[in-house]
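Written below as structure tokens is the structure these notes are about.
The values are calculated or read from the model by the stated rules, or taken from the named source; none is laboratory data. Because the structure is predicted, anything quoted here is derived from the model rather than measured. Note that each Cβ is placed from the backbone with ideal geometry, even for glycine, and that neighbours are counted across all protein chains shown. The protein model used for the area step is the full one, side chains on, heavy atoms only, and it has no ligands, DNA or RNA in it. Shrake-Rupley method; radii C 1.70, N 1.55, O 1.52, S 1.80 Å.
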Amino acid sequence: MTTPPSIDILQLHNDADRDGITRLVAGAILHADGRVLVLRRSAEDDFMAGIEELPSGAVEPGENLLTALERELTEEIAWSGALTLDPGFVTHFDYISGSGRKTRQYIFAVPHQGQPIALSREHTAYRWLHPTDLTDSDVTPETAQAIRAWAAS
């Protein structure tokens, strides 16, 4: 994994601790040709069933944001090969998880390098969405704002 020096992962963890966050999630704006990959959650999911979302998942014990991001991309879309982050782009939003925990989702921008997408059972479909087409998606307002921030960067 290549981490740009402009992204201080330790500082992101420290900021979350300072703010009383009890759960971290790492997510990716996986992009190609100005479009972003969104995944459709399974309708049987206990939390936010059926919505479109970015590839993401919880940071497990012993992981940092980047090792969690790499694991989640491998699990959710069968990512293979090197993972390179766009320099200088990271955003976040806070929410209460399905289990009631104060959660912060950090989102990094990752250029897609042509690997095929193979979904896990957590998701039923995917598509490449242009940021101008967010009104045609049911991503959360927070996810839409993260995509808009990426598009403006």
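Could you pull out the residue among Glu44, Glu75, Glu63 that is surrounded by 13 or more Cβ atoms within 10 Å (Cβ to Cβ), out of contact with any Pro (no Cβ under 8 Å at 6 or more places or on another chain) and in a loop (DSSP other than H, G, I, E, B)?
When all the criteria are applied, what remains is Glu63.
When you go through (1) open to solvent by 60 Å² or more (accessible area, probe 1.4 Å); (2) closer than 19 Å to Ser6 by Cβ; (3) at pLDDT 95 or above one by one for Ser153, which number turns out not to apply?
(3)
In the set Leu37, Leu66, which member is farther than 15 Å from Trp128 by Cα, in contact with a helix residue (DSSP H, G or I) (Cβ under 8 Å, 6 or more places away or on another chain) and in contact (Cβ under 8 Å) with a residue 24 or more places away in the chain?
Leu66 is the lone residue from the list that is farther than 15 Å from Trp128 by Cα, in contact with a helix residue (DSSP H, G or I) (Cβ under 8 Å, 6 or more places away or on another chain) and in contact (Cβ under 8 Å) with a residue 24 or more places away in the chain.
Quick check on segment 6-20: of everything there that is open to solvent by 30 Å² or more (accessible area, probe 1.4 Å), under 13 Å from Val90 (Cβ atoms) and outside any helix (DSSP H, G or I), which residue is modelled with the lowest pLDDT?
Taking the candidates together, the pick is Ser6.
If Pro55 satisfies every condition in (1) surrounded by 14 or more Cβ atoms within 10 Å (Cβ to Cβ); (2) modelled with pLDDT under 95 but one, which is the exception?
Only one criterion in (1) surrounded by 14 or more Cβ atoms within 10 Å (Cβ to Cβ); (2) modelled with pLDDT under 95 is unmet by Pro55, namely (2).
State all residues of segment 137-150 that are open to solvent by 90 Å² or more (accessible area, probe 1.4 Å) and in contact with a strand residue (DSSP E or B) (Cβ under 8 Å, 6 or more places away or on another chain); if no residue qualifies, say none.
Gln145
Considering (1) under 17 Å from Ala149 (Cα atoms); (2) part of a strand (DSSP E or B); (3) open to solvent by 20 Å² or more (accessible area, probe 1.4 Å), say which one Asp86 fails and leave the rest.
(2)
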